[in-house]
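So the structure is just underneath, and the comments pick up after that.
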Amino acid sequence: MQTPLVNVKPPKGNLGGAGVKQARFPRLDEPWPGVPDAGSEAELSAPVTHITTLGNGLKVASEDTYSQLAAFGLYVKCGTIREPVHKPGLTLLLERLAFKSTTTRTSAHIVQLSENLGCSMLSVGDKENIVYSILTLRDNLPAALEMVADAVLNPVFNEEEIDEQIDAIAAEQESLLNNYEFYMIHYLHKVAFANQPLGKSPMDYWNTMRDNISREDIIEYKRKHYVGNRIVLAGASVSHSDFVNLAEKYLGSLPSSTKPIVENPVIYTGGYLYEPLSTEAMNKENFKEYFGLAFKSCGWIEDDSYPLAIVSKILGGGSSFSAGGPGKGMFSRLYVGFMNQNSHIESAEAVLTNYEDNGIISVLSSCQPGNLPELAEGVCVQWMQLAYDIMNRPYEFESELTRAKNLLKSTIFTNLEQRSIIADDIGRQVLVYGKRQSGEWVCNKVDSVTAEDCLRVLLRLFQHPPTVVAIGKQSSLKSMITFEQIRNYFMRAVQR
């Protein structure tokens, strides 16, 4: 039986003194008046991902997290890796033109509509996909999805907006010309996947886009890839049945295609790039030198992606300068055994960059001027030391392995607290695998990784030619170990 609240207004000037009857609040084990009972834990069910395929091949995937804020995205298998070799930049332009004028709305009208709906909208074109993502109130989902469908189905691509975006891209790239830290991962891709779309970045083609890409090129590229069986509509905190009905209503007219698209083959080449710093960069106060070392990894579709992710966490790293000291107490190898022992190192961080069927795992690092040769040798030693310790110090390594697993699992579940990341996880998994694996399933795969798995994938990395990028003063580059020395160093480990 519910206990009624007694609301008594105290007399003016009296803050509940003697003679004033106090309001009685329910005890913690009593229900609150007017608040529905949440039910017992046994009656609650964990959110489940549902997937439905429309008649045109488009997949609708969602998970209801029972929130009043909904996140959804349209995931199109249309990234830079799929561009014609002679037309780089098409994906970037499609991304930038995503919410511009359509046959039914001007770009200003779209901005006004999104503000009226309280939408946060974003378009991102990456190496493999283009994503149109929206965060909005659950009640505004129909209007928000209609707006996205309009942007996808009815773009105008007028010349004025195309020129405007090319100008904006040029301005951004000019501002980044000497930002080597930002572009190190792109330099590694350029060398690792030489002369291929996967190796291209805006710094390679921004100044040729206006002459090389026409409005007709954009229309044809979109027509080829924007077909139902290459698209996933993914949502979090949405009713699946309502989501499917809305998708059928607004996206059911997307064309379908049973004709397979011939994808550009991705071939890892490896190699090296030793490049002097620009004069402008060296004129800056506290400029740095940079070194990157990468190896061929694997795609997300391979089970070896799990031990590689753990190897990346074991190496860890980051910047040597941060509030609370280097790494704020983290115990990764690049902090404890490398940066903390060498004051001239500014940063060193392991990065795993996987795609559907290829990728690289790398260490990106920087140092104070004049220390590039020592930095390069130190990074090579860190890779080799890890393999050596797995073989010769198994008990000590086991604690590192456990710590890395826990860190990786913590990262997974922390990210999955956010609706937008849940929607993104659903969209990308369904686009690659055709299904969605839960966080628990992924963590079980992480837990199953052994020290032997880590050693096996490390030796597999060393079998391929490395990718080496060094950027520094001319004097530093002349003193660098050569690419052949680095390659032979790792090949000897495999032969042993």
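The values are calculated or read from the model by the stated rules, or taken from the named source; none is laboratory data. Worth saying up front: this structure is predicted, and the values here are computed from it rather than measured. Cβ coordinates were reconstructed from backbone atoms using ideal geometry, including for glycine residues, and neighbour counts include every protein chain displayed.
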**Prompt:** Of all the residues that make up segment 389-444, how many are crowded, with 17+ Cβ neighbours inside 10 Å, touching a residue at least 60 places away in the same chain (Cβ under 8 Å) and within 17 Å of SER62 (Cβ to Cβ)?
**Reply:** 11
**Asked** Exactly one of (1) more than 30 Å from VAL363 (Cα to Cα); (2) without any contact (Cβ under 8 Å) to a residue 40 or more places away in the chain; (3) not in a helix (DSSP H, G or I) is unmet by ASP167. Its number?
**Response** (3)
**Fill in**
Checked segment 85-103 for anything farther than 18 Å from ASP167 by Cα and modelled with pLDDT under 95; matches are VAL85, HIS86
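Let's see how each residue does on (1) among the hydrophobic types (A, V, I, L, M, F, W, C); (2) part of a helix (DSSP H, G or I); (3) touching a Lys or Arg at 6+ places or on another chain (Cβ under 7 Å); (4) over 28 Å from TYR187 (Cβ atoms):
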site: ALA376; (1), (2), (3), (4): yes, yes, no, no
site: VAL379; (1), (2), (3), (4): yes, yes, no, no
site: GLN382; (1), (2), (3), (4): no, yes, yes, no
site: SER399; (1), (2), (3), (4): no, yes, no, yes
site: ILE412; (1), (2), (3), (4): yes, yes, no, yes
site: SER420; (1), (2), (3), (4): no, yes, no, yes
site: GLN437; (1), (2), (3), (4): no, no, no, yes
site: VAL446; (1), (2), (3), (4): yes, yes, yes, yes
site: ASP453; (1), (2), (3), (4): no, yes, no, yes
**Request:** Please indicate, with yes or no, whether at least one residue in segment 265-283 is over 29 Å from CYS367 (Cα atoms) and out of contact with any Leu (no Cβ under 7 Å at 6 or more places or on another chain).
**Result:** yes
**Prompt:** Counting only residues that are farther than 22 Å from HIS225 by Cβ and of a type in the set (D, E, K, R), which one in segment 51-82 is surrounded by the most Cβ atoms within 10 Å (Cβ to Cβ)?
**Reply:** GLU63
**Item:** Lone qualifier among LYS127, LYS190 - being more than 24 Å from SER278 (Cβ to Cβ) and not assigned by TED's automatic domain parsing to the domain that holds VAL351
**Value:** LYS127
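Among the residues of segment 209-228, which ones are more than 15 Å from SER256 (Cα to Cα) and touching a residue at least 12 places away in the same chain (Cβ under 8 Å)?
Selection gives MET209, ARG210, ASN212, ILE213, ARG215, ASP217, ILE218, ILE219, TYR221.
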**Asked** Residues VAL148, VAL131: which one is touching a Phe, Trp or Tyr at 6+ places or on another chain (Cβ under 6 Å), buried (at least 18 other Cβ atoms within 10 Å of the Cβ) and in a strand (DSSP E or B)?
**Response** VAL131
**Request:** Filter the helices (runs of 4 or more DSSP H) completely within segment 232-327 down to those with at least 3 residues that are among the charged types (D, E, K, R) and buried (at least 22 other Cβ atoms within 10 Å of the Cβ).
**Result:** none
**Failed condition for TYR66, given (1) on the phi > 0 side of the Ramachandran plot; (2) modelled with pLDDT of 95 or more** = (2)
